[in-house]
Amino acid sequence: MTRVSRRLSALAIAASLGIPGSAALATSAAAVPVPAAPVAASATTIDCSRGGVKLSRSFGTYRLKGACGKVTITGTGVTVSLKSVKTLSVRGSNAKVRVAKNVGKASVTGTGVNLKVGGSLGTLKMDASNASVTVKNNLKTARLEGAGTKLRAGKTSTLVVRGSGNHVKVTSLRSLRVVGANNYVKAAKGKAKTVKVSGTGNVIKVRTSR
């Protein structure tokens, strides 16, 4: 029982015993307004069939309908959800993007971007810091440049990592090139045909076919 509930119960008992003023106090206490719960911001819906979409406003929530052709995100702190897209460019910092199915080509240059792809991704280019990309299924080609980026993907054909402190985990990998320092790359299974590494402090957990 809360403090207000206990007070109301005590006042109600006093009123039933005929104690002067207790009934009025019980009525006024019961009438204390309770603050309303905050209302969540509604998403702005945009139809992708009308052409390319560019989101430049900051701190908004957007839902894109249909199969999108080209989507460019430059706003800071936005949250975007869509079904699929051929070309995706995320330039705004701290943007959160969720794609339910496939992405043809993606470019991530904003700091702190979080991109999740529920299907496969054709080509990925990351030139940012502290950005994160997760691809549920296959990733054809990825090029990471920058620092502190994270990549999680399924079967990956070609991966190039340039920079420092980048962290990559994929299901399998065919070709790997690492240039920089303190990068981490792991392929859970399979064997890569080509692995080339230069720099210091890199940790590479990829088996080769040689």
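Please give the length that would be gained between Arg50 and Val160 if that part of the chain were fully extended, namely 0.36 nm times their separation in residues minus their C-alpha to C-alpha distance (nm, one decimal). Working shown, then result.
Details: separation 110, 0.36 × 110 = 39.60 nm, distance 3.54 nm.
Gain on extension, Arg50 to Val160, equals 36.1 nm.
Can you return the lysines within cross-link range of Lys205? Criterion is Cα-Cα under 20 Å, with same-chain partners fewer than 8 residues away left out.
Cα-Cα hits under 20 Å: Lys140, Lys150, Lys155, Lys169, Lys186, Lys189, Lys191, Lys193, Lys196.
In a shell of Cβ-Cβ distance under 10 Å around Lys136, excluding Lys136 itself, what net charge do Lys and Arg (+1) and Asp and Glu (-1) give?
That works out to +3.
Just to verify a number: FRET efficiency for Ala100 and Val203, C-beta to C-beta distance, R0 = 41 Å, to 0.05?
In this case the efficiency is close to 0.80.
If you take the square roots of the eigenvalues of the alpha-carbon gyration tensor of the range 44-205 and sort them as a ≥ b ≥ c, do you get rounded (a/c under 1.5), prolate (a/b over b/c) or oblate?
prolate
Taking the simple approach of a point 7 Å from Cα along Cα-to-Cβ for both Phe59 and Thr123, what is their distance in nm?
3.6 nm
Just so you know, all these numbers are worked out from the coordinates, no wet-lab data involved. A quick note: this is a predicted structure, and the numbers were derived from the prediction, not measured. Cβ coordinates were reconstructed from backbone atoms using ideal geometry, including for glycine residues, and neighbour counts include every protein chain displayed.
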